[in-house]
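Here's the structure we're looking at; comments come further down.
The values are calculated or read from the model by the stated rules, or taken from the named source; none is laboratory data. All figures in this text were calculated on a predicted structure; none of them were measured in a lab. Note: ideal-geometry Cβ built from the backbone for every residue, glycine included; neighbour counts use all protein chains shown. Remember, those area values only see protein heavy atoms, side chains included, never the ligands or the DNA or RNA. Shrake-Rupley method; radii C 1.70, N 1.55, O 1.52, S 1.80 Å.
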Amino acid sequence: MKKQSEDSNEKKTEVTGNPQIPVNRREFLKTAGRFLALSVLGAGLLKFVKLKSPVTVWQIDPRKCIHCGRCATECVLNPSAVRCVHAYEACGYCKLCGGYYRPNASQLNTAAESQLCPTGAIKRTFIEDPYFKYQIDEDLCNGCGKCVKGCASFGNGSLYLQVRHHICVGCNECRIATRCPAQAISLVTTDQAYWKES
Amino acid sequence: MIFLNSEQVLRKTELLLRKFFGNESALQAVASILRKYSFFLILLSVTAADAQSRFPRPEFQSGYESPETNFGIIRSVVYYYIDVAVLLAALCAAAYFVLKKRSRKGIFALTVLSLAYFGFYKKGCVCSIGAIQNVTASAFSGYAIPLTSALFFLLPLLFSLFFGRVYCSSVCPLGAVQELVILKPKRLPRRLSAVLGFIPHIYLGLAVLFAATGAGFIICRFDPFVGIFRLGAPLGMIIFGTSLLVIGTVVARPYCRFLCPYGVLLGLTSLVSKWTVRISPGACINCRLCENACPVDAIQLPSTEPVREQRSRSVGRLKVFLILFPLWIAAGSFTGWLLSDLVSARHPQVKLLRGIEANENSGSSAQSLEREGLRINDEVIAILNSQAASAQKKTKTGMILLGAYLGTVTGIYLIRQSIRKKRIEYSADPSSCISCGRCYKYCPKNKPPRVSPKQQLSQEERLALGSQQRQVI
């Protein structure tokens, strides 16, 4: 049926139209195919694709995170795009900080052997007796989460790991997310990024 | 509520200890013992800990004010729209250089710019090839596709419906990096390239299957050049990427031709494209100069030679292929069904469950982090079990469909081979031509280039050579 109609179409054009450029069958099929493809693409987009957000970003849920340390090693970037964040509001300003000192530290000073952080990224400053402020130098931090583990197990849990978006290249598939044992990494829309409670 | 109480008890104990021991290291020793026992309490009281701190925020005498938490920077949405705008502009420029200006230089310059922007500046993400998976995932699961990914998937396809594969010519960063290393492209035997050309269909099918069942984005995982764009990747990725580039010096664009799943889609859409690359701006004079110009073997020779084969024989062969067509589909589906267990074993949920089961049976420490992270108990195991079962079921259906698809591709390929098309001139096959524009300068009818007298001579020599060859034929 279809073929017949195409043939008649072809003949008609040859009779009435410009004999130099007849609409041949191949051209006709091409145009038909093009419109078919256009409508499939359009319909598919409208029906299946849920355009919920313009942009999404990778985020760690601190409540699920178990500070296993894979963020430091599994990220496609070196050093990782995951860094430690300090929520000062939740900090107890302890003199003996579980996130700053090694559990077996012999002396409580700023010596490297007493510190938990392998890169010395945490800066400890005295405020008033017996309180100390802990600041994280994000340029030094590699996201290993040792301090986060320390703070979570003996402290308020004011330190947490998070994907830094000015560093993250926004891979289509986050390699840390596929390796995360707690499945704590997910895509969120930009307006939901960075859980600010913690 | 019992958790909150235990939390308070813990805090009081600590405060007491703090008063009792002036010496902090002694306190620490006690604390480490305390930590051992309190670990379970803390683990259970995670939600309570959010509400109430173990060590309340001190009241500072010195008027100290705590700094704002650094929540970091979120890139403005505008930047993502800039990416789309750059893509659109690059596609328009590519279409202009390929079809209107017919300028290889313009195409080359655009290639370098695209490689710099989409490759080295954007570090290879977002790319249209990977966007196949985002679109699939959003069609089959609750995944919310970002608008940028959807547009990156759609725009090159739309352009190829009208202008052929201009995206491949100079916009795609993966194509661009291979384009720059082409030194001396050799022709591949027709049969070899036909067999290798089957791989992209398998890759596309598997990528869609994995994205649809939530098993991950394999195109991104096995992207060979992303490590080069980021200047750092696992060893396997770098070896794969560099070896493809080394092969790419003599076999032009190996990824584009024998791996790229997006190329399958672009090849299909450009079959019905309105305008495609024409080697000659006017009527072809069959001078044969362009015959070896194409690095990707897309130039089809005119079928001027008389057919030696009897018509009845070729019709008979076509009949056989038409009859075999449903058999290919059936064989493909069956193979897919056979292989489905192999594929579903790669699903992360299934893998996780297997790992945990193995861990329980042997008592090894593998997957111990997963056990801790997911707080494994019978309930979680039951959920994982149902997830893994549904993943396996979906994979089975998907593999049968994938097999049927591959059977269809085989069948169509064979039927197309046995249909003879009459061609009167040298033309570029729209589905495999990547619009690189190399053939333009080989065509003597193309606008004569402004060249020095010395080069002019060589041009004339080449023309003379062409006419000699014609006489020989």
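Accessible surface area normalised per residue over the stretch B:311-418 is 61 Å², counting heavy atoms of protein chains with a 1.4 Å rolling probe. Dividing the alpha-carbon radius of gyration of the stretch B:96-227 by the rule-of-thumb value 2.2 N^0.38 Å gives 1.15. The share of accessible area on the stretch A:99-160 that comes from carbon and sulfur is 50 percent, using a 1.4 angstrom probe. Summarising the amide proton neighbourhood of A:Tyr101: residues at separation of 5 or more, or on other chains, whose placed amide H is nearer than 5 Å comprise A:Leu116. Shielding value for A:81-89 is 3, the average number of Cβ atoms from other chains within 10 Å of each residue's Cβ. Ligands, DNA and RNA are left out, and with a 1.4 angstrom probe the accessible area of the stretch B:101-202 is 39 Å² per residue.
Suppose the Debye formula is applied to equal point scatterers at every Cα of the stretch B:348-447; what is log10 I(q)/I(0) at q = 0.10, 0.15, 0.22 Å⁻¹? Per q value, in the given order, log10 I(q)/I(0) is -0.61, -0.79, -1.12.
Compute for chains B and A the buried accessible surface, both sides summed, probe 1.4 Å, and express it in Å² to the nearest 100. So the buried area, both faces added, is about 6600 Å².
Less than 5 angstrom separates the built amide H of A:Ile136 from those of A:Lys123, all sequence-distant by 5 or more or on a different chain. Applied to the stretch B:68-82, the Karplus parametrisation 6.51 cos²θ - 1.76 cosθ + 1.60 on θ = phi - 60° returns per-residue 3J(HN,Hα) values of 5, 5, 7, 7, x, 9, 10, 4, 5, 4, 3, 4, 5, 6, 4 Hz, with x for Gly and Pro. Packing around the peptides B:138-150, B:192-204, A:146-158, taken as the average count of other Cβ atoms within 10 Å per residue, puts them in this order, highest first: A:146-158, B:138-150, B:192-204. Dipole of the stretch B:81-272 computed with +1 at Lys/Arg Cβ and -1 at Asp/Glu Cβ about the Cα centre; of B:Pro189, B:Gly214, B:Tyr81, farthest Cα towards the positive end is B:Pro189.
With a 10 Å cut-off around each Cβ of B:55-64, the average count of Cβ atoms from other chains is 5. Under a 5 Å amide H cut-off, with hydrogens placed 1.01 Å from N, A:Val82 pairs with A:Arg164 among residues at least 5 apart or on other chains. Of the accessible area of the stretch B:330-383, with the probe set at 1.4 angstrom, what percent is carbon plus sulfur? Looking at the stretch B:330-383 in its full context, I get 58 percent from C and S.
Counting Cβ atoms of other protein chains within 10 Å of each residue's Cβ and taking the mean over peptide A:178-185 gives 4. The stretch B:167-250 gives an Rg/Rh value of 1.00, both radii derived from C-alpha positions and Rh following Kirkwood. A simple rule links phi to the HN-Hα coupling: the Karplus curve 6.51 cos²θ - 1.76 cosθ + 1.60 with θ = phi - 60°, which for the stretch B:130-142 gives x, 5, 3, 6, 4, 5, 4, 4, 6, 6, 9, 9, x Hz, with x for Gly and Pro. Computed from phi, the 3J(HN,Hα) profile of the stretch B:273-283 under the Karplus parametrisation 6.51, -1.76, 1.60 (θ = phi - 60°) reads 5, 6, 10, 9, 4, 10, 5, 9, x, x, 7 Hz, with x in place of Gly and Pro.
Overall shape: prolate for the stretch A:56-192, with the ratio a/c of the largest to smallest alpha carbon gyration tensor axis at 1.5 or above and a/b above b/c.
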